[in-house]
Each structure stands twice: as structure tokens, then as C-alpha cells.
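Below is one structure, written out as C-alpha cells, with a few remarks after it.
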Amino acid sequence: MKDMCKNTIKDREFWGERPLFASHGLRLENVVIHEGESAVKECSDIEASNCRFDGRYPFWHVSGMTIDGCVFGDDARAALWYSEHLKMTACEVFAPKVLREMTDVSLSDVTFHNAVETLWYCNDVTLLNVRAVNADYIMMHCNGVSIRGLALDGKYSFQYSKNIEIRNSVLNTKDAFWETENITVVDSVIKGEYLGWHSKNLRLVNCKISGTQPLCYADNLVLENCTFAEDADLAFEYSSVQATVNGSIASVKNPLTGHIVADGIGEVIIDSFAKQPADCVIEIRGGA
């Protein structure tokens, strides 16, 4: 039920610079923001329902936003920056570089069609049933993120982020989780090369992993009941790892320390480049 105390603007169109600047307690219904900049800037307590945003930088420095059933067109780049307390549902976003330096963000049933460089430096984020395409460099330098049902297609995701939990997701993403800290991924599919390099406290549970050279240079890496595709070779180089793997691993190379258990390992490579302590126990389940 909408707030009857709000000033409502309905079935209107706006052009130019800052048409709704410094508005407070405002509801927008079926409003179109055409070309221009900073339509809803320095505002608070804003609702937008079934609106379209085509101008640049539509929501900057806003506190309190509910955005439902809206479309952000190709030109609405950098749409939501420097703001807090966002609830966004059932939206289609075609613009890049959305969501920067935000706090308290909730997204559900949102599709990002061009998610390049989206969700940077954001804190306290919840994603539910979100789809992100062309999502190169998505979610960098974020902290405190809960994700359920993410379908991600893009390279270099989650770099430098920390304190993230991901469940029931499909991540098609090269170089994911680089330089991250305190990441847990459960019941998910992770496709992509060079997964989790230089990570700290990365935990994967019931995950399917594919792509060459996964999980190298990792500190305190934990895998529980995961499976590896045939192309997931040369795993665990210079990592401290505790891993239980269902099925086989194509190859393991120079793990630093820890314990790896699998049903089979095609090749174990311990060469002259192995780093100390080089005491990882590598075990074939059943002793075969």
C-alpha cells in the first residue's frame, strides 16, 4: 500500500538537468526521465514504480529508495551512486556502471543486461534471483554481501571483496574471487579459469568447479564435497588447503600445506619449484 502522505507525480515526462533535485517524500508512477543528468539528486524517501530512466546519473546522493518495475535504459549510466537504503525489485537495467559506493542495498528479480563495472565499493548488500550479463569487474571492493540465485556471466568478478555468502548460483566468470577474504559459496556452479587466486578464507561447499588452474596461492582454502570438471587441472598451487572432492581431479600441482582427498587424481606434480613446507597430504579415497 503506497504512502498517501507522499507527493505523487504520475504519467509525466522530464528532460534536462536536475528536474527533481532535492525532492523529499516523493512517489513517481509511470514517469519517464529523458536525456539530461541527475534527475533525482540530493533527495530522500523516494518511490519509483513502473518508470523509465534514460538520462545519466538519475539517482545520486539519495537516502531511502524503493524502485519497482522500472527500466534503466542504455544511457542511464552510473545510475545509482553515493546513496543508501535501496530496495530494488523486478527491474530491467541496460546501463553499465550501476551501483557504486552504496550502503544497505537489496535487489530481487533484477536483470542487468550490461553489468560491466557494477556494484563497486558497496556495503550490506542482498541479492535474490539476480541475473547479470556482460558483468566484467562486477562487485569489486564490496563488504557484507548475501546472494541467493545469482546467474552471472562476466570476467573478474568479486575482486578485493570480503565477507560474502553465495548460494544456489551459477557463476560463469574467469578470475573470480581474486584477493578476496571470507567468502563462502554453497550449492553453486563456478565456471572459469584461475578461480580464487590470492584469496584468504575461501570456502566452497557442494560446488561444481571448472576451468584451468583453480584455487592457487590461496590461504586457508576449504572445499567440502565439491566436484571438478576435466578441465580443472593444475589445482592448488602454493595453497594451504583442506579439500574433500567427490570424483577425480585432473592434476594437483605444488600445494603448500594441508590435506586433499579425492576419488582419483590424474597427476600429482611436485617439482623443484614447490615451496616449503610442501607437506600437503594428498589422499586417494579408498587407498587406490
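The values are calculated or read from the model by the stated rules, or taken from the named source; none is laboratory data. A quick note: this is a predicted structure, and the numbers were derived from the prediction, not measured. Please note: Cβ atoms are built from the backbone with ideal geometry, for glycine as well, and neighbour counts cover all protein chains shown. What goes into the accessible areas is simple: the full protein's heavy atoms, side chains included, and nothing from ligands, DNA or RNA. Shrake-Rupley method; radii C 1.70, N 1.55, O 1.52, S 1.80 Å.
Rounded to the nearest angstrom and ordered from largest down, what semi-axes does the equivalent ellipsoid of region 1-130 get from its C-alpha gyration tensor (root of 5λ)?
20, 16, 14
Between the exposed loop cleavage positions of the chain, defined as chymotrypsin sites (Phe, Trp or Tyr not before Pro) in a non-H, G, I, E, B DSSP state with at most 13 neighbouring beta-carbon atoms within 10 angstrom, the longest gap is 22-272.
Whenever you get a sec, compute what percent of the accessible area on the chain sits on carbon and sulfur atoms (1.4 Å probe).
On the chain, the fraction of accessible area on carbon and sulfur atoms equals 45 percent.
Of 208/275; 174/200; 87/191, which pairs sit farther than 21 Å apart, going by alpha carbon to alpha carbon?
From the list (208/275; 174/200; 87/191), the Cα-Cα distance tops 21 Å for 208/275; 87/191.
Expressed as a fraction of 2.2 N^0.38 Å, the value expected for a compact globular protein of N residues, the C-alpha radius of gyration of the chain is 1.18. In this structure the amide hydrogen of residue 99, modeled in the peptide plane, comes within under 5 Å of the amide hydrogens of 79, 80, 119, none closer than 5 places in sequence on its chain.
Counting only heavy atoms of the protein chains, get the accessible area per residue of the chain (1.4 Å probe) and round it to a whole Å² value. Numbers along the way, then the final one.
Numbers: 12330 Å² over 288 residues.
Per-residue value: 43 Å².
Rounded to the nearest 20, the size of the Cβ-charge dipole of region 148-204 about its Cα centre is 80 debye, with Lys and Arg at +1 and Asp and Glu at -1. The label point for residue 205 and the one for residue 37, both projected 7 Å from the Cα toward the Cβ, are 4.7 nm apart.
Only Cα pairs under 8 Å and 6+ residues apart enter the sum, and on that basis the relative contact order of region 227-288 stands at 30 percent. Positive contributions from Lys and Arg (+1) and negative ones from Asp and Glu (-1), summed over other residues with Cβ under 12 Å from the Cβ of residue 128, come out at +3.
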